[in-house]
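To start, the structure itself, in structure tokens.
The values are calculated or read from the model by the stated rules, or taken from the named source; none is laboratory data. Bear in mind that the values here come from a model prediction, so they are computed numbers and not experimental data. FYI the Cβ positions are ideal-geometry reconstructions off the backbone, even for glycines, and counts take in every protein chain you see.
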Amino acid sequence: MSGVIVRLRDAMTEDSRAERLISTYDGCSDPEGQRFLAGEAMEGELENLSRTYLAVDSESDRVVGYFTILAADGCTFDHPAYTIHRIGAEGPAELEEALIRSAAQLFCECGKTVGSCSVTARCDDGRVCEYERAGFMRLCRDENGMNVMGLEV
């Protein structure tokens, strides 16, 4: 399977491609993800509050995963900070790791033009290694016991 990353907002400008793509995400294996993509993710893009990126299988033109990023609390012009809000994937375990790497790469590319920023994400113990392989470091645990991972770009 080969794929591309498409920003949801870009797909929204192409004659209902966003709705068609979202409908291809498997609601049986991830109904919450499908609901999120069709509602909150599209609203976040329209209101300029979040950015959602879709992993699209090039062969079938089907969404197989996504990630959403938000500006973090306390973000300032002097020190931009972001959080990976959601990651969802249907398919092999390697797909979620590829999405984590894609998000990290997105920030690295952006950092080359706009300067440094910090990125955080939360994950359970089983995902720590995937984040570490993408360049994140474990910072602490949050109030819910999730690992807070950080990336400085």
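Within segment 61-86, work out how many residues are in contact with a strand residue (DSSP E or B) (Cβ under 9 Å, 6 or more places away or on another chain) and at pLDDT 85 or above. Don't jump to the end; show me each part of the working.
Residues of segment 61-86 that are in contact with a strand residue (DSSP E or B) (Cβ under 9 Å, 6 or more places away or on another chain), as a first pass: 62-75, 79-86.
Then drop every residue that is not at pLDDT 85 or above, which leaves 62-70, 82-86.
Number of matching residues: 14.
Of the set (1) surrounded by fewer than 16 Cβ atoms within 10 Å (Cβ to Cβ); (2) within 18 Å of Met149 (Cβ to Cβ), all apply to Gly39 but (2).
Condition check: in contact with a strand residue (DSSP E or B) (Cβ under 6 Å, 6 or more places away or on another chain), modelled with pLDDT of 90 or more and closer than 18 Å to Leu70 by Cβ. Does Ser102 satisfy that? Explain how you work it out, then say what you get.
Numbers: in contact with a strand residue (DSSP E or B) (Cβ under 6 Å, 6 or more places away or on another chain): yes; modelled with pLDDT of 90 or more: yes; closer than 18 Å to Leu70 by Cβ: yes.
The answer is yes for Ser102.
If the condition is being at pLDDT below 80 and small (Gly, Ala, Ser), then segment 87-99 contributes Gly91, Ala93. One residue alone among Thr52, Thr24, Thr83, Thr68 is more than 17 Å from the chain's Cα centre (by Cα) and not aromatic (Phe, Trp, Tyr), and that residue is Thr24.
A single member of Ser50, Ser29, Ser118, Ser60 is in contact (Cβ under 8 Å) with a residue 60 or more places away in the chain and hydroxyl-bearing (Ser, Thr, Tyr), and it is Ser29. The requirement of being modelled with pLDDT of 90 or more, in a strand (DSSP E or B), of a type outside the set (D, E, K, R) and in contact with a strand residue (DSSP E or B) (Cβ under 7 Å, 6 or more places away or on another chain) is fulfilled somewhere in segment 130-138, by at least one residue.
In the condition set (1) touching a strand residue (DSSP E or B) at 6+ places or on another chain (Cβ under 9 Å); (2) of a type in the set (Ser, Thr, Tyr); (3) surrounded by 11 or more Cβ atoms within 10 Å (Cβ to Cβ); (4) at pLDDT below 90, Ser58 is compliant with all but (3).
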